[in-house]
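The values are calculated or read from the model by the stated rules, or taken from the named source; none is laboratory data. Owing to the predicted nature of the structure, the values given are computational and were not obtained by experimental measurement. Note that each Cβ is placed from the backbone with ideal geometry, even for glycine, and that neighbours are counted across all protein chains shown. Just the protein is used for accessible areas: all its heavy atoms, side chains included, with ligands, DNA and RNA removed. Shrake-Rupley method; radii C 1.70, N 1.55, O 1.52, S 1.80 Å.
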Amino acid sequence: MRAPPSPRVTWPVMYHHWSRMTFIHWRYPPARVQELLPGHLTVETFDEAAWVGLTPFLMRGVRIPGTPALPWLSRFPETNLRTYVRDERGRTGVWFLSLDAALLLAALGGRCAYRLPYFWSAMSVDAEGARTLYRCRRRRPGPRGARCDVEVEAGAPLAESERDELAHFLTARYRLFTLVAGRPATAQVEHPAWPLHHARLIGLEQDLVRAAGLPAPDGPAVVHASPGVPVRVGLWTW
């Protein structure tokens, strides 16, 4: 199966490169996840389950149009906790339960400009060959000390026959939702189809899921890895 096509963001407000991405997903009861969503959004299900994703990665090349990527501002680790939703107009996308960023300015900008639940955290991404070790310790706002340590080993690229509907459901997402001044808002993101790889979870210790208001995951995780994609982020619309 081919991934759904990306939209075209004509007037981007930010450029990113999401690299060394790991997707870790668990099944959850839809009603339990729905409790965390605003009223205009409905949890999207696959195989009768809601899915919650933990996605650590390295942000690179962050810049706004017309400016260069500054070394001390354009590269930092990030770890997102997300689920998948549909709005009242039938548009599908991502609802973020939390976003941890190592760069304070990015966390403040994400909270102020995009009204997303960003947290400033002590973080690192250490890569050696196919293995990547991600570390995260939340600073502000609380709960302080919420953590996430992930070690993963990327494997072979997924064959075309392995790029199934579930893989696309979990990764091919081109819209994010938030609330701006109490009003529903959405922004599109443009990027190529993810070059997905098999991945083996070597170690995972985290309490970001519980800090977001969900019980700890129960059951095996579905894990993918990707070297990354370039991204164009669009303006908020209503």
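If you go through the stretch 191-219 and keep only what is over 30 Å from R63 (Cβ atoms), part of a loop (DSSP other than H, G, I, E, B) and either hydroxyl-bearing (S, T, Y) or in contact (Cβ under 8 Å) with a residue 40 or more places away in the chain (or both), you end up with D207, G213, L214, P215, P217, D218, G219.
Of all residues in the stretch 56-87, exactly one satisfies the criterion of being of a type in the set (D, E, K, R), in contact with an Asp or Glu (Cβ under 7 Å, 6 or more places away or on another chain) and either at pLDDT below 95 or open to solvent by less than 50 Å² (accessible area, probe 1.4 Å) (or both), namely E78. Among the residues that make up the stretch 200-210, is at least one of them open to solvent by 70 Å² or more (accessible area, probe 1.4 Å) and closer than 25 Å to L37 by Cβ? Taking every residue of the stretch 200-210 in turn, at least one turns out to be open to solvent by 70 Å² or more (accessible area, probe 1.4 Å) and closer than 25 Å to L37 by Cβ. Checked against the criterion of being under 15 Å from the mean Cα position of the chain (by Cα) and free of Cβ contacts under 8 Å to residues at least 40 places away in the same chain, the stretch 76-86 has at least one qualifying residue.
Go through the stretch 110-149 and give me each residue that's touching a strand residue (DSSP E or B) at 6+ places or on another chain (Cβ under 8 Å) and closer than 22 Å to P38 by Cα. Steps first, answer last, please.
So in the stretch 110-149, the residues touching a strand residue (DSSP E or B) at 6+ places or on another chain (Cβ under 8 Å) come out as 110-111, 114-127, 130-141, 144-149.
If the condition is that a residue be touching a strand residue (DSSP E or B) at 6+ places or on another chain (Cβ under 8 Å) and closer than 22 Å to P38 by Cα, then G110, R111, Y114, R115, L116, P117, Y118, F119, P141 are the ones that fit.
Restricting attention to the stretch 93-109, does a residue exist that is modelled with pLDDT under 95, among the charged types (D, E, K, R), under 24 Å from R63 (Cβ atoms) and in contact with a Phe, Trp or Tyr (Cβ under 7 Å, 6 or more places away or on another chain)? Checked against the condition, which is being modelled with pLDDT under 95, among the charged types (D, E, K, R), under 24 Å from R63 (Cβ atoms) and in contact with a Phe, Trp or Tyr (Cβ under 7 Å, 6 or more places away or on another chain), the stretch 93-109 yields no hits at all. Restricting to the stretch 108-157, name every residue that is within 16 Å of the chain's Cα centre (by Cα) and more than 19 Å from Q206 (Cβ to Cβ). Residues satisfying the conditions are G110, R111, Y114, R115, L116.
Restricting attention to the stretch 36-47, and to residues there that are farther than 17 Å from E165 by Cα and outside any strand (DSSP E or B), which single residue is most open to solvent (accessible area, probe 1.4 Å)? Walk me through it before giving the result.
Looking only at the stretch 36-47, we keep the residues that are farther than 17 Å from E165 by Cα, and these are 36-43.
Right, trim to outside any strand (DSSP E or B) and you get 36-40.
Details: L36: 53, L37: 22, P38: 22, G39: 83, H40: 26 Å².
The extreme case among them is G39.
Right, V33: β-branched (V, I, T) and in a strand (DSSP E or B) or not? When the stated conditions are applied, V33 does not pass them. The set of residues in the stretch 92-118 that are free of Cβ contacts under 8 Å to residues at least 24 places away in the same chain and not aliphatic (A, V, I, L, M) comprises G109, G110, R111, C112, P117, Y118.
Restricting attention to the stretch 88-110, the residues being open to solvent by 20 Å² or more (accessible area, probe 1.4 Å) and either of a type outside the set (F, W, Y) or touching a helix residue (DSSP H, G or I) at 6+ places or on another chain (Cβ under 6 Å) (or both) number 13.
Scanning the stretch 114-129 for residues that are surrounded by fewer than 16 Cβ atoms within 10 Å (Cβ to Cβ) and assigned to a strand (DSSP E or B) yields A122, S124, D126, A127, E128. For D218, state whether it is open to solvent by 40 Å² or more (accessible area, probe 1.4 Å) and closer than 19 Å to D100 by Cβ. Considered against the rule, which asks whether it is open to solvent by 40 Å² or more (accessible area, probe 1.4 Å) and closer than 19 Å to D100 by Cβ, D218 comes out as no. Considering the stretch 140-190, and only residues there that are aliphatic (A, V, I, L, M) and either out of contact with any Lys or Arg (no Cβ under 9 Å at 6 or more places or on another chain) or part of a helix (DSSP H, G or I) (or both), the residue that is most open to solvent (accessible area, probe 1.4 Å) turns out to be A156.
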